[in-house]
Amino acid sequence: MGKPLIVTKYLIPGRRADLLRRSRLIDAIHEHLDRKLVLVCAPAGYGKTSLLVEFAHDADLPLCWYSLDKSDRDLRVFIEYLIAAIRHRFPHFGRQALELLERTENLGDTEALVGILVNEIYREIPDYFALVLDDYHLVNPSEAVNRFLDMTRTWGFGPLVDRDYTHEYGFVIHESAWEKTSWVKSRPFDDVEGAVKFIQWWIDQTEAELKTIQADPKAYREKFHKDFRENITNVFGDTIHLLCQHGTGWDEILYFVGFQLLSYVMADAPQILTDALEVTTQRNIAICHVVADPEVSPVVLTYCDVAYKNHLLMSPRFLRKEIFPRIKRLNDAWHEHNTYCLYHSDGYLMEVLDDLVATGIDGLNPIETVAGMSLKEVRRRYPKLFLAGGIDMSQLLSNGTPEEVREVCRQSIQDAYPGFFMGSTTEADNSCNAENLVAMYEVAMEGV
């Protein structure tokens, strides 16, 4: 720790009796407290701090206060006062973060500290609370402070923002920094006729892309490999990264159309869905033959999410007619180029796992244990598959203890060895406990 902290910087200032109450502005802040960030902006002397003080004394939820000045542009100073401000209201908060801060000389890489702070808030502060950063403009020139705060919003992915954007076909898509995913907020149609028109548009677009690939495969290959080197190889070094992720088009069409409308399409206009799956598969096979190179990467992901907890999403009959034959064609194409195929589907797959193995998959991901999948049973039945995943994200890594994670990881290695790439069953999102990820990594490094 550095110099003693100035207590008045994290105490809520007293309310002045001679100030006029600005009820409309205070009500506006209250109305937007469900937002992640509320900015109060006005020129100097307009009473921003006075308004926030009034709000702080008026609020009926826990509130932490941090009065900023130019000295807080130093990242270490900023973090110390930030923790103090929250600890003043929640005394048990910040112990691990402070211990790490004391041990860290260079704050150039703050991801671990951000992770601990976010997880301590999750564990130690059950209440919805507000944090006031007063006079933030005084530290805004500090790139380190700005980046630190950006990372707390979406730890592990760098600065992201919640946003809506409009897809070229007219879908409004929402991207969520917290959930680290996206979804369709609104569609430009709400009936089967509109869904069929969109699927025809999908077919036309995919056919055009296929023709482009076939017209100049050398140019496509050169650009693909150049992008892969710049964005993947140069970033991750010699870590093996999936060269491609190829499906049949089912997942993408389902994403845009939605399950209810797509179910009607399957009943009323099944041929257009078949056509869309076929042209998507043809395009992906064409890409395979153009870009495959095991020296660049020896593994790809073939995929189709066909299940959820305890059940399939579609009938086995539909899967055997429309999905699995196309997955087999994709796997066969990649195998021609000595490339391994890791197959991905969430959910409970045991009912059709024999069918999937018959498509020629080399590996299976993510073996979603909370959906009923068993690493031990999959390994017993399919000793030649390599298995990836197996460590539950939704409950264990999010809410378990590091010791519980270590116990499950060690047992998983015993059950799935050999050929087990241990990892989380989905992306490590903001619900995940950083200490649990470390525990999983440490067990992986223990060896067998």
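Considering only segment 258-273, state which residues are surrounded by fewer than 14 Cβ atoms within 10 Å (Cβ to Cβ) and over 31 Å from the mean Cα position of the chain (by Cα).
Result: ALA267, ASP268, PRO270, GLN271.
Of all residues in segment 367-378, count the ones that are within 17 Å of MET422 (Cβ to Cβ) and buried (at least 19 other Cβ atoms within 10 Å of the Cβ).
Count: 6.
Among the numbered criteria (1) outside any loop (DSSP other than H, G, I, E, B); (2) among the polar types (S, T, N, Q); (3) exposed (fewer than 12 other Cβ atoms within 10 Å of the Cβ), which single criterion is violated by GLN205?
The single condition GLN205 does not satisfy is (3).
Between a first residue in segment 286-303 that is charged (D, E, K, R) and a second residue that is not in a loop (DSSP other than H, G, I, E, B), which pairs have beta carbons less than 9 Å apart while being 6 or more apart in sequence or on different chains?
Note: pairs meeting the criteria are ASP293/ARG221; ASP293/HIS225.
Just checking, which of LEU113, LEU107 is touching a Leu at 6+ places or on another chain (Cβ under 8 Å) and either closer than 25 Å to ASP162 by Cβ or at pLDDT 90 or above (or both)?
LEU113
Note down all Cβ pairs under 7 Å where the first residue falls in segment 410-426 and is closer than 12 Å to ALA444 by Cβ, the second is among the hydroxyl-bearing types (Ser, Thr, Tyr) and modelled with pLDDT of 95 or more, and they're at least six residues apart or on different chains.
MET422/SER412
Does segment 87-117 hold any residues that are closer than 20 Å to VAL7 by Cα, touching a residue at least 24 places away in the same chain (Cβ under 8 Å) and in a loop (DSSP other than H, G, I, E, B), and which are they?
Result: PHE90, HIS92, PHE93, GLY94.
What number of residues within segment 85-131 are surrounded by 15 or more Cβ atoms within 10 Å (Cβ to Cβ) and under 14 Å from LEU149 (Cβ atoms)?
Summing the residues that are surrounded by 15 or more Cβ atoms within 10 Å (Cβ to Cβ) and under 14 Å from LEU149 (Cβ atoms) in segment 85-131 gives 9.
Checking the conditions here, which among SER67, SER50, SER71 is out of contact with any Gly (no Cβ under 7 Å at 6 or more places or on another chain), in contact (Cβ under 8 Å) with a residue 24 or more places away in the chain, in the same structural domain as LEU19 (by TED's automatic domain parsing) and surrounded by fewer than 18 Cβ atoms within 10 Å (Cβ to Cβ)? I'd like the intermediate steps shown before the answer.
Values: SER67 fails: surrounded by fewer than 18 Cβ atoms within 10 Å (Cβ to Cβ); SER71 fails: in contact (Cβ under 8 Å) with a residue 24 or more places away in the chain.
That would be SER50, the only listed residue that is out of contact with any Gly (no Cβ under 7 Å at 6 or more places or on another chain), in contact (Cβ under 8 Å) with a residue 24 or more places away in the chain, in the same structural domain as LEU19 (by TED's automatic domain parsing) and surrounded by fewer than 18 Cβ atoms within 10 Å (Cβ to Cβ).
Identify, from the list LEU356, LEU387, LEU364, LEU397, the residue that is of a type outside the set (Phe, Trp, Tyr), touching a Lys or Arg at 6+ places or on another chain (Cβ under 9 Å), crowded, with 21+ Cβ neighbours inside 10 Å and not in a loop (DSSP other than H, G, I, E, B).
Only one candidate qualifies: LEU387.
With at pLDDT 95 or above and either part of a loop (DSSP other than H, G, I, E, B) or touching a Gly at 6+ places or on another chain (Cβ under 6 Å) (or both) as the only criterion, which of ASP238, ASP293, ASP251, ASP275 stands out?
Checking each option against the conditions leaves just ASP293.
So which pairs qualify, if the first residue must be in segment 313-331 and more than 13 Å from CYS288 (Cβ to Cβ), the second must be among the aromatic types (Phe, Trp, Tyr) and in a helix (DSSP H, G or I), the Cβ gap must be under 7 Å, and the two must be at least 6 apart or on different chains?
If the second residue must be among the aromatic types (Phe, Trp, Tyr) and in a helix (DSSP H, G or I), the pairs left are ILE323/TRP250.
Answer yes if at least one residue in segment 335-342 is more than 25 Å from ILE285 (Cα to Cα) and either at pLDDT 95 or above or surrounded by fewer than 19 Cβ atoms within 10 Å (Cβ to Cβ) (or both), and no otherwise.
no
State whether one or more residues within segment 292-307 are loosely packed, with under 15 Cβ neighbours inside 10 Å and polar (S, T, N, Q).
Taking every residue of segment 292-307 in turn, none turns out to be loosely packed, with under 15 Cβ neighbours inside 10 Å and polar (S, T, N, Q).
Test TYR255 against the stated conditions and say whether it is over 29 Å from the mean Cα position of the chain (by Cα) and aromatic (Phe, Trp, Tyr).
No.
Could you grab the pairs with beta carbons closer than 7 Å, sequence gap of 6+ or different chains, first residue in segment 262-282 and over 18 Å from GLU193 (Cβ atoms), second one surrounded by 17 or more Cβ atoms within 10 Å (Cβ to Cβ) and hydroxyl-bearing (Ser, Thr, Tyr)?
Taking only residues 6 or more apart or on different chains, the pairs are LEU277/THR248; VAL279/THR206; THR280/THR206; THR280/THR248; THR281/THR248.
Do we find that LYS376 is over 27 Å from the mean Cα position of the chain (by Cα), closer than 30 Å to GLU442 by Cβ and part of a loop (DSSP other than H, G, I, E, B) in this structure?
Working: over 27 Å from the mean Cα position of the chain (by Cα): yes; closer than 30 Å to GLU442 by Cβ: yes; part of a loop (DSSP other than H, G, I, E, B): no.
Taking the combined requirement at face value, the residue does not satisfy it.
The values are calculated or read from the model by the stated rules, or taken from the named source; none is laboratory data. Source: prediction; values computed, not measured. Backbone-built Cβ (ideal geometry, glycine too); neighbour counts: all protein chains shown.
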